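J.: I have a structure I would like to understand better, so I am pasting it below and will then ask my questions one at a time.
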Amino acid sequence: MSTPQYKRIVLKLSGEALAGEQGFGLSPEIIKSVAEQVKEVVELGVEVAVVVGGGNIWRGKVGSEMGMDRATADYMGMLATVMNSLALQDSLEKAGIETRVQTSIEMRQVAEPYIRRKAIRHLEKKRVVIFAAGTGNPYFSTDTTAALRAAEIEADVILMAKNNVDGVYSADPKMDKTAVKYDVLTFIEVIQQGLQVMDSTASTLCMDNDIALVVFSIMEKGNIKKAVLGETIGTVVRRNS
Ligand code: UDP
């Protein structure tokens, strides 16, 4: 049997990845497929925490461009991540996986509050922990949340699942035919070259805390398992080359 390369992972799912082709809302097929892929790695004995985005429902930046107060718009974005988290929880539980949703904004009727030590305990019991409501602070992203939570729970890696791309490219491969895919990068290269991986706050947090990142496509079934087994998929981003 193949041996997982990581003991504890943070899986970052963007909201868009849950929307599928339509680009907004939730795709039941995609959520089911993600749940099945997560189940595969849980069955390998890997501890899985998930950070879910909200861009398929609402982005704070869009609201502020419409003239809304930025912080209010960002809180709406954080609430969107809670909806996605509940949808994923439902799907995982239907697949027979025990889960807990922990939110950074308290809503006790809906989910547990985020308590680091409790999250670690759930993980040790092989429950999938879904971190909802981002960091709980406006002006941040769920990429930064993934970096922060990965540092807090001492995860071995962040697996960043993308729906529209299978790694990091020198330019947008859909717009530029000469774009090349990178196998390995450092966070400094990502920041200096302005590569579209994650925002700079998230990148520096990963860099400073030596958290590795694997960027890959979620659209190919079995990819989360491949990434966990250390197979070469997508792009690996590290502190040092
Ligand atoms: N957000 C926030 N603070 C956080 C995380 C998220 O204010 O710590 C808000 C922000 O408005 C963001 C929205 O929630 O636009 C959705 O998150 P994100 O854009 O990271 O989702 P994704 O792009 O991964 O779907």
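The values are calculated or read from the model by the stated rules, or taken from the named source; none is laboratory data. Fair warning: this is a prediction, and the values are worked out from it, not measured in the lab. A quick note on method: Cβ atoms are made from the backbone with ideal geometry, for glycine too, and the neighbour counts reach across all protein chains shown. To get the accessible areas, we keep the full protein, side chains included, count just its heavy atoms, and leave off ligands, DNA and RNA. Shrake-Rupley method; radii C 1.70, N 1.55, O 1.52, S 1.80 Å.
J.: Would the range 9-146 count as rounded, prolate or oblate if I go by the C-alpha gyration tensor, calling it rounded below 1.5 in a/c and otherwise prolate when a/b exceeds b/c, oblate otherwise?
T.: Judged from the Cα gyration tensor, the range 9-146 comes out oblate (a/c at least 1.5, b/c at or above a/b).
J.: Per-residue counts of other Cβ atoms within 10 Å, averaged by peptide: what ranking do you get for 72-79, 60-67, highest first?
T.: 72-79, 60-67
J.: With +1 on the Cβ of every Lys and Arg and -1 on the Cβ of every Asp and Glu, and nothing else charged, how large is the dipole of the range 184-227 about its Cα centre, in debye rounded to the nearest 20?
T.: In total the dipole reaches around 340 debye.
J.: Heavy atoms only, probe 1.4 Å: what % of the accessible area of the chain goes to carbon and sulfur, would you let me know?
T.: Carbon plus sulfur share of accessible area: 50 percent.
J.: According to the square roots a ≥ b ≥ c of the eigenvalues of the Cα gyration tensor, what is the shape class of the chain, taking rounded for a/c under 1.5, prolate for a/b larger than b/c otherwise, and oblate for the remainder?
T.: rounded
J.: Pick out, in residue order, every one of the trypsin sites (Lys or Arg not before Pro) in the range 124-179 that is DSSP loop and has at most 15 other C-beta atoms within 10 Å; say none if there are none.
T.: 125, 126, 174, 177
J.: Let me ask something else. At 18 Å minimum axial length over the Cα atoms and a Kyte-Doolittle cut of -1.0, report the qualifying DSSP H helices in the chain, or say none.
T.: Qualifying helices: 28-42, 70-94.
J.: Given the -39500 (n - 2.57) contribution per DSSP H run of 4+ residues, what per-residue ellipticity at 222 nm results for the chain, rounded to the nearest 500 deg cm²/dmol?
T.: -11500 deg cm²/dmol
J.: Which one of 24, 155, 213 is farthest out on the positive end of the charge dipole of the chain, using unit charges on Cβ (Lys, Arg +1; Asp, Glu -1) and the Cα centre as origin?
T.: My answer, from the dipole projection, is 155.
J.: So if I place +1 on the C-beta of Lys and Arg and -1 on the C-beta of Asp and Glu, and nothing else carries charge, what would the dipole magnitude of the range 135-195 be about its Cα centre? I want it in debye, nearest 20.
T.: Roughly 260 debye for the range 135-195.
J.: Compute, for the range 1-102, the length of the dipole vector about the Cα centre, with Cβ point charges of +1 (Lys, Arg) and -1 (Asp, Glu) only. Units Debye, rounded to 20.
T.: 260 debye
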